[in-house]
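The values are calculated or read from the model by the stated rules, or taken from the named source; none is laboratory data. All values reported here derive from a predicted model rather than from experimental measurement. Cβ: placed from backbone, ideal geometry, glycine included. Neighbour counts: every protein chain shown. For the accessible areas, the whole protein counts, side chains as well, though only heavy atoms, and no ligand, DNA or RNA atoms are used. Shrake-Rupley method; radii C 1.70, N 1.55, O 1.52, S 1.80 Å.
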Protein chains: 2
Amino acid sequence: MLYLVGLGLSDETDITVKGLEVVKKAARVYLEAYTSILLVSKEILEAYYGREVILADREMVESNSDEILKESQDVDVAFLVVGDPFGATTHTDLVLRARELKIPVSTVPNASIMSGIGACGLQLYNFGQTISMVFFTDNWRPDSFYNRIKENRTIGLHTLVLVDIKVKEQSLENMARGRLIYEPPRYMTVGQCAAQMVEVEETRREGAYTKDSLAIGAARVGGKTEKFVCGTLEELCDADELLGPPLHSLVLLGRRSHDLERDFIREFALDKEKFDRIWAAEYGKQQ
Amino acid sequence: MLYLVGLGLSDETDITVKGLEVVKKAARVYLEAYTSILLVSKEILEAYYGREVILADREMVESNSDEILKESQDVDVAFLVVGDPFGATTHTDLVLRARELKIPVSTVPNASIMSGIGACGLQLYNFGQTISMVFFTDNWRPDSFYNRIKENRTIGLHTLVLVDIKVKEQSLENMARGRLIYEPPRYMTVGQCAAQMVEVEETRREGAYTKDSLAIGAARVGGKTEKFVCGTLEELCDADELLGPPLHSLVLLGRRSHDLERDFIREFALDKEKFDRIWAAEYGKQQ
């Protein structure tokens, strides 16, 4: 059996009791460690589980998945995924391959950022499609996210923006020379995300949002040091210090918001007077 | 401290290790038991936790929340919620009241149907707003959900439809006579939900969807007997036997679907030839 086990969002104790039982009994345990991270290291997980955990990088999962699935017709293999196995990162390919090999698959769900973000006080019912924000480079500044936000905003919905993480990156030079030397991991911040959003709006100017649109910056959702900050996109460009270490996410508000949502998030507002003014003008509009 | 603890979707072992520690140490433990249910009884939870669990009905949570919050400035109180505390059912009111009373609040996230539904193989990124379907009565057949689906479908997105549950209902007669006698709980099925959707489309005729639109019926998501069935809304009207006992949910597909989604859900199709024909004509359209 292949078990896809969600680890939740924060630390080693966010695994479910059911998931922990699977981990303790499995023949091999893999940790998917390239699309998201827990706030604790692999070593802490290993100590907590009392056993070895094999890091599964993108190359292994995408090109060498038979290695992971090996013998799992006969023994149990646990594949650990930060968040939920079918949340922000889905492992559809791995499941399809298991099906081809007639390997039964079982899922142990857990919190995903896509539901955990509800802790900011915005109602999950009112979220539209989710978008991903990648690190812009000098010559790659993809703006297709803007269309998606525009669609959500047109019908008044919130947009969850998941921000880029880069692990096991090689510099161009090391890649060219075939040296397996990796750069330190990079995690996009709310400030970087908000700045890229403002930049794209300034280029596109289609009014999907403005620098004065309200958004929530979220850090370490589900963890003990979880932090939410509410402000305009412009204000959030400078809120990284307040938010603290990764992981970050951002929610751009839709206008079809409820007064209860306002009451909840106002607590997080950087500038409550400004928040009240903008809210009264643009938000809380039911259709 | 008030702890909001998610229980996940299925049985007593879906609680996280962190959540279980909170439950074991808290002074009082409440279980919110009117918006969703686990697939196991309160007695099984009590045996598993080794302690008493107090059922919190709607009246207690909405009108008498100070009872729940009593003394929680000084002692820990655990409020257990099926799924995630900020998932399909949010307890914003309770948190706002705790804030007023200067009671610190901590959340222990868990799987919600709003992320767990990803196990059907449709990508959570491609979901629009979520809707709720209530039991129609002779003179109450609310169709505002139709507008929401239309918005989602217009931009090609999937729609998660959460279906009604009725617990602790009184008959009109018992209510009139003030008798605290309750009807047996009722859980809407995928078949009932699909039939109501078809009925409303036949009245509205705005083409938000048709009886031939593809949808997925889901039962007991996250549980050992989890079951998915894919078919047209018309087909799903008669798929309850195949899906089995509650809880059910339904996903109406959006046209902006990915081939990987097709490959995954085709396995669940009631009629694969028909599925292929409809998919080729209407789905898999990227914008």
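Annotation note: trypsin sites (Lys or Arg not before Pro) in segment A:9-106 located in DSSP loop regions with a Cβ neighbour count of at most 16 within 10 Å are A:51, A:70, A:102.
A Cα-only calculation for the protein assembly as shown places Rg and Dmax at 23.3, 84 Å. For residue A:225, the point set 7 Å out from Cα toward Cβ sits 4.5 nm from its twins in the other copies, listed from shortest up.
Plainly put, the tip 7 Å out from Cα toward Cβ on residue B:169 is 5.6 nm from that tip on each other copy, the closest given first.
Between residue A:141 and residue B:51, the simple label model (points 7 Å from Cα in the Cβ direction) yields a spacing of 5.6 nm.
Annotation: segment B:114-283 has a Kirkwood hydrodynamic radius of 16.6 angstrom, from the mean reciprocal C-alpha pair distance.
Principal axis extents of the Cα atoms in chain B, from largest to smallest and rounded to whole angstrom, are 62, 46, 34.
Quick check: pseudo-label points 7 Å beyond the Cα along Cα→Cβ at residue A:164 and residue B:97, how many nm apart are they? My value for the distance between the label points is 4.6 nm.
The aspartates and glutamates within cross-link reach of residue A:272, meaning a Cα-to-Cα straight distance under 18 Å and a gap of 8 or more places when in the same chain, are A:212, A:234, A:235, A:238, A:259, A:261, A:263, A:282, B:100. Using bins of 10 Å that start at zero, the share of Cα-Cα pairs per bin across segment A:135-177 amounts to 21, 36, 25, 13, 5, in whole %. Here the calculated FRET efficiency for residue A:281 and residue A:74, from their Cβ-Cβ distance with R0 = 51 Å, stands at 0.20, rounded to the nearest 0.05. Chain A residue nearest the axis that carries A onto B, by Cβ, with distance in whole Å, is A:115, 2. Taking amide H as placed 1.01 Å from N in the peptide plane, the amide H of residue A:254 sits under 5 Å from that of A:158, A:159, each at least 5 places away or on another chain. For segment A:40-109, GluC sites (Glu not before Pro) meeting the loop criterion (DSSP other than H, G, I, E, B) and having at most 13 other Cβ atoms within 10 Å: A:52, A:71.
Averaged per residue, segment B:21-99 has 43 square angstrom of accessible surface, using a 1.4 angstrom probe with ligands and nucleic acids left out. Placing a label point 7 Å from Cα along the Cα-to-Cβ direction at residue B:70 gives distances to the equivalent points in the other copies of 6.0 nm, listed shortest first. Rolling a 1.4 Å probe over the protein chains gives residue B:237 an accessible area of about 40 Å².
Checking the Cα-Cα distances for A:18/A:227; B:211/B:285; A:168/A:274 against a 31 Å cut-off, the pairs over it are A:168/A:274.
Looking at chain B, what % of its DSSP beta bridges pair antiparallel, to the nearest 5? Don't skip to the end; give the middle numbers.
Numbers: 20 of 42 bridges.
Antiparallel bridges make up about 50 percent of those DSSP assigns within chain B.
Taking the Cα centre of chain B as origin and assigning +1 to Lys and Arg Cβ atoms and -1 to Asp and Glu Cβ atoms, the resulting dipole is close to 480 debye. Taken about its Cα centre, the protein assembly as shown carries a charge dipole of roughly 340 debye when the Cβ of each Lys and Arg holds +1 and the Cβ of each Asp and Glu holds -1. Using every Cα-Cα pair within segment B:2-111, state what percent have a distance larger than 17 Å. Tail fraction, whole percent: 47.
Mean projection of the alpha-carbon convex hull of segment B:222-287 over all orientations, in nm²? Mind showing how you got there, number by number?
Working: hull surface 19.6 nm².
With every direction weighted equally, the projected area is 4.9 nm².
When A and B come together, around 4500 square angstrom of accessible surface is lost from both chains combined, probe 1.4 Å. Counting only DSSP beta bridges with both residues in the protein assembly as shown, the antiparallel share comes to about 50 percent.
Within the same chain, aspartates and glutamates fewer than 8 places from residue B:42 are excluded, and of the rest, those with a Cα less than 15 Å from its Cα are B:11, B:12, B:14, B:32, B:52, B:57.
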